[in-house]
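Enquirer: Let me give you the structure first, and then I'll get to my questions.
The values are calculated or read from the model by the stated rules, or taken from the named source; none is laboratory data. Only a predicted model underlies this, so the values are computations on that prediction, with no experimental measurement involved. Counting neighbours? That spans all protein chains shown, and the Cβs are built from the backbone with ideal geometry, glycine included.
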Amino acid sequence: MGMNVGSNSGAEPDVILDVNTTPLIDVMLVLLVMLIITIPIQLHAVNLDMPIPNPNQPKTEPKVVEIFIDFDGQLSWNAEPVDRATLEQRMQVATAEADQPEIHIKPHKLVDYGHVAHVMATAQRLGLKKLGMVGNEQFL
């Protein structure tokens, strides 16, 4: 192997078609570092204006209503069996109250989800705000 030193006896040198990307990469890295430094740190926080507690106001326990849905879709309102129309009427009365009661939906482990979804959709349609599922540990 030898090395060609000097001229090629008048022949033109080969043209190099590769682009030198080293300066481009250096500039891009510098720009990336500058961008990271200049972006302000964003905190994932939501500022809430909470009401100031009044020490003179008596503490009241929230009213709780339990709706139990049996395995065959039978409904009960605080352990009293009701049908769908009666359940909807009682939910309308609960919606009209100034301080809405907490509605705890307690489905049986074997109940069809359609029955549970119907009760939740009725509560949402009527405007009940305090709604929750209770007894989920039975599904573990």
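Enquirer: State the number of residues belonging to segment 86-117 that are crowded, with 16+ Cβ neighbours inside 10 Å, under 23 Å from the mean Cα position of the chain (by Cα) and assigned to a helix (DSSP H, G or I).
Expert: Qualifying residue count for the region: 1.
Enquirer: Would a scan of segment 64-71 turn up a residue that is in contact (Cβ under 8 Å) with a residue 60 or more places away in the chain and surrounded by 15 or more Cβ atoms within 10 Å (Cβ to Cβ)? Even if it seems obvious, please write down each step before you answer.
Expert: Looking only at segment 64-71, we keep the residues that are in contact (Cβ under 8 Å) with a residue 60 or more places away in the chain, and these are 66.
Checking the rest, the ones that are also surrounded by 15 or more Cβ atoms within 10 Å (Cβ to Cβ) come to 66.
Within segment 64-71, one or more residues are in contact (Cβ under 8 Å) with a residue 60 or more places away in the chain and surrounded by 15 or more Cβ atoms within 10 Å (Cβ to Cβ).
Enquirer: While we're on this one: Among the residues of segment 87-94, are any in contact with a Phe, Trp or Tyr (Cβ under 6 Å, 6 or more places away or on another chain) and modelled with pLDDT of 90 or more? Can you show your working first?
Expert: Filtering segment 87-94 down to residues in contact with a Phe, Trp or Tyr (Cβ under 6 Å, 6 or more places away or on another chain) leaves 90.
Narrowing further to those that are modelled with pLDDT of 90 or more: 90.
The answer is yes; a qualifying residue exists.
Enquirer: I need the full set of residues from segment 118-132 which are part of a strand (DSSP E or B) and among the hydrophobic types (A, V, I, L, M, F, W, C), in order please. Give the steps one after another, and end with the answer.
Expert: Applying the first criterion (part of a strand (DSSP E or B)) to segment 118-132 yields 131-132.
Matches in segment 118-132: LEU131 only.
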